[in-house]
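The values are calculated or read from the model by the stated rules, or taken from the named source; none is laboratory data. Model, not experiment: these values are computed from the prediction. So basically every Cβ, Gly included, is an ideal-geometry build from the backbone, and we count neighbours across all protein chains shown. Surface areas here come from the heavy atoms of the whole protein model, side chains and all, with no ligands, DNA or RNA. Shrake-Rupley method; radii C 1.70, N 1.55, O 1.52, S 1.80 Å.
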Amino acid sequence: ARHLQQSDARIHTIIERLLSTLDTPSADIQQAVSACIAPLVFQFKQKVGDYLGILMEKLLNPTVASSMRKGAAWGIAGLVKGYGISALSEFDIIRNLIEAAEDKKEPKRRESVGFCFQYLSESLGKFFEPYVIEILPNILKNLGDAVPEVRDATARATKAIMAHTTGYGVKKLIPV
């Protein structure tokens, strides 16, 4: 798909298949699809917002299975990596995730936020660091959540974030 022209209709077919493959309940496949989507984003940059909207809807839908929500989180991470870090603010991803993290009634939405933060951190590495200060209060709150699944997802996200945090980032996080 990287070698096709941007006007080629097969690109959208390939992307649709990759996005539908994210529903596979295998973390390795989901991570591989995320890595495959990132370099293709330049081919369909005008439709990234639509794809991110679909994936956010799936991620934050509490009726969807956990493996499919994880796949949606990997898809978001791949699209953001391919589009660039500006996608987080341009498409209001961080704001939507923070709102979902504050949803008191639905623990599956809070759990999904943990998935997304973890996979964004793993995918973007140190480039996700500027957003960590913004999301840190929600992470700390969800680490003490009453639901064990939310705590576990948030703990995994915290480990991924701290694994990719630089020394400068740690200095900025300690006061917070």
Helix 27-37 vs. the chain, principal-axis angle (Cα, 0 to 90°, nearest 10): 60 degrees
Shape parameters for segment 4-46, alpha-carbon atoms, Rg then Dmax in Å: 10.9, 32
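Where does segment 1-151 land on Rg/Rh, using Cα atoms and the Kirkwood Rh? Provide the component values of the computation, followed by the final result.
On the way: Rg = 15.1 Å, Rh = 15.5 Å.
Rg/Rh for segment 1-151 comes to 0.97.
Using unit Cβ charges (K, R positive; D, E negative) and no other charged atoms, how large, in debye to the nearest 20, is the dipole of segment 83-176 about its Cα centre? Present the calculation step by step, with values, prior to reporting the outcome.
Working: 13 positive and 13 negative charges, 58 e Å.
Its charge dipole is roughly 280 debye.
Using a probe of 1.4 angstrom, how much of the accessible area of the chain is carbon and sulfur, in percent?
That fraction is 56 percent.
Give me the 1.4 Å probe accessible area per residue for segment 1-136, excluding ligands and nucleic acids, in Å².
Numbers: 6360 Å² over 136 residues.
Each residue of segment 1-136 exposes 47 Å² on average to a 1.4 Å probe.
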Relative contact order, percent, the chain [alpha-carbon distance under 8 Å, six or more residues apart]: 18 percent
Whole-Å distance, taken between Cα centres, linking segment 152-167 and segment 55-76: 20 Å
Mean residue ellipticity (222 nm) of the chain, computed from DSSP H runs ≥ 4 via -39,500 (n - 2.57), nearest 500: -21500 deg cm²/dmol
Angle in degrees between helix 148-163 and the longest Cα principal axis of the chain, rounded to the nearest 10: 80 degrees
Charge dipole (segment 129-176, unit charges on Cβ, about Cα centre) - positive-most of 131, 155, 167: 167
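If you place +1 on the Cβ of every Lys and Arg and -1 on the Cβ of every Asp and Glu, how big does the dipole about the Cα centre of the chain come out, in debye to the nearest 20? Kindly include the intermediate steps, with their values, before the conclusion.
Values: 22 positive and 19 negative charges, 54 e Å.
The dipole magnitude comes to about 260 debye.
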Under the Karplus curve 6.51 cos²θ - 1.76 cosθ + 1.60, θ = phi - 60°, whole-Hz ³J(HN,Hα) for segment 76-88, x wherever Gly or Pro sits: 4, 4, x, 5, 5, 4, x, 6, x, 4, 5, 4, 4
Loop-located trypsin sites (Lys or Arg not before Pro) in segment 1-95, at most 11 other Cβ atoms within 10 Å (DSSP): 2
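What is the Rg over Rh value, at two decimals, for segment 96-176, using alpha-carbon atoms and the Kirkwood definition of Rh? Walk me through the numbers on the way to the answer.
Values: Rg = 11.9 Å, Rh = 12.4 Å.
My calculation puts Rg/Rh at 0.96.
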Three semi-axes of the equivalent ellipsoid, segment 49-117, Cα gyration tensor, whole Å, largest first: 19, 13, 9
Eligible lysines near residue 141 by straight Cα distance, threshold 18 Å, same-chain separation 8 or greater: 104, 105, 108, 159
